[in-house]
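Structure, as structure tokens:
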Amino acid sequence: MRRSLSSLLSALGIAFSLGISCALAQDVPSSLASRTGLPANFERTFTHGFATTNGVRLHYVIGGPVDGDLIVLLHGWPQTWYTWRNVMPALAQAGHRVVAVDYRGAGESEKPQSGYDKATMAADIRALVHELGGTGVNLVGRDIGVMVAYAYAAQWPDEVVRLAMLDVPVPATRVWDEAKHKPDPELWHFGLHQQRDIAELLVSGHEQAYISDFYKKRLAAPVADEDIAVYARAYAAPGGLRAGFELYRAFPEDEQHFKQFMQKKLPMPVLALAGDKSNGWAETEMAKELATNVRGGVAPDTGHWLPDENPTFVSQQLLTFFGGGTIGKTR
């Protein structure tokens, strides 16, 4: 009996270890080749569109069943909709209507002189959702896109079904304030980008080198030069640098808006994700300042650029979250 029990426990232990190993293997970044460029047959599922909403012309990429639950994906700086290219197919295949947007000032969207506070940008996205016939929406933001998505959810909470926040603190939160006031070599760009005209003067003509260095200093899994070049070309376009830097110049206004928004916590479910080599579990702790129903996850061997570095992890987490299931890693 003892031998049988011992054998059973040993077998269970091996099975448990194998299960953990398989789960971890699925979480780590896939090969660089599999993440480079557009996925196969991407353009058979997704199409490009433009809409003038809230006074600004926005570019977006859309696909998936027209009657599927709407998921809107919002990128960060210095990215465009393209960062979501390896996440979008899985969401569409699961039956969701997927929209990746170039927000105001980015990619092929219009680059006006003003309107880069995140409350205004959230109104842009809300108007686009209505233009596309949506009412309730699932939002996913990364970096600056987190701030836009939060501003949307805070201003119109009855219209947001679920909210996912990827790897950036929101202005006016404790995590934001602590990061802003401590010596952090990865935040030097805040000061530069907020210097109107000077930042443009210094970076103009060097967009590829600047954005490539910026990207590579904040990643853990490699991102292909040809993919980084997509972003560099977008911000080298007329008005691209100015519009991107205006996002940072609006931070003081964002802090004032968000202090007001934070007086009432978000009621919808919130998912907070970050790379273990970036914000880690701090993203989840930050989200708890903003919402009452928060779950979190941390991507292993991943830096700041989650959809580029580890799209499989992001896709799995979002599919579970938007499907209403229980995500394995919670805190």
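The values are calculated or read from the model by the stated rules, or taken from the named source; none is laboratory data. These numbers come from a predicted model, not from an experiment. We place every Cβ from the backbone using ideal geometry, glycine too, and count neighbours over all the protein chains shown. Ligands, DNA and RNA are stripped out before the accessible areas are found, and what is left, the full protein with its side chains, is counted by its heavy atoms. Shrake-Rupley method; radii C 1.70, N 1.55, O 1.52, S 1.80 Å.
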With the condition kept exactly as written, say whether any residue in the range 198-217 is of a type in the set (Val, Ile, Thr), outside any helix (DSSP H, G or I) and closer than 25 Å to residue 277 by Cα.
no
In the range 56-84, which residue that is part of a loop (DSSP other than H, G, I, E, B) and touching a residue at least 60 places away in the same chain (Cβ under 8 Å) is most open to solvent (accessible area, probe 1.4 Å)?
69
Within the range 176-228, the residues that are of a type in the set (Asp, Glu) and free of Cβ contacts under 8 Å to residues at least 12 places away in the same chain are 177, 178, 184, 197, 213
Spot the failing condition for residue 179; the list is (1) open to solvent by 70 Å² or more (accessible area, probe 1.4 Å); (2) in a helix (DSSP H, G or I); (3) modelled with pLDDT under 95, and only one is missed.
(1)
Between 34, 30, which is loosely packed, with under 14 Cβ neighbours inside 10 Å, modelled with pLDDT under 95 and of a type in the set (Ser, Thr, Tyr)?
34
Could you give every pair whose Cβ atoms fall below 7 Å, whose first residue belongs to the range 236-260 and is closer than 29 Å to residue 206 by Cα and hydroxyl-bearing (Ser, Thr, Tyr), and whose second residue is buried (at least 23 other Cβ atoms within 10 Å of the Cβ) and modelled with pLDDT of 95 or more, counting only separations of at least 6 or pairs across chains?
none
Looking only at the range 238-285, which residues are assigned to a helix (DSSP H, G or I), closer than 12 Å to residue 150 by Cα and open to solvent by less than 50 Å² (accessible area, probe 1.4 Å)?
254, 258, 261
Name the residue that is farthest from residue 46 (Cα to Cα), counting only residues in the range 85-96 that are in a loop (DSSP other than H, G, I, E, B) and in contact (Cβ under 8 Å) with a residue 40 or more places away in the chain.
94
Considering each of 75, 96 in turn, give the residue that is modelled with pLDDT of 95 or more and over 24 Å from residue 230 (Cα atoms).
96
Going through the range 97-107 in order, the residues found to be without any contact (Cβ under 8 Å) to a residue 60 or more places away in the chain and either of a type in the set (Ser, Thr, Tyr) or part of a loop (DSSP other than H, G, I, E, B) (or both) are 103
Residue 132 being open to solvent by 10 Å² or more (accessible area, probe 1.4 Å) and free of Cβ contacts under 8 Å to residues at least 24 places away in the same chain
no
Restricting to the range 150-176, and then to whatever is assigned to a loop (DSSP other than H, G, I, E, B) and open to solvent by 10 Å² or more (accessible area, probe 1.4 Å), can you tell me which residue is nearest to residue 77 (Cα to Cα)?
168
Would you check if there is a residue in the range 119-133 being among the acidic types (Asp, Glu), in contact with an Asp or Glu (Cβ under 6 Å, 6 or more places away or on another chain) and farther than 18 Å from residue 161 by Cβ?
no
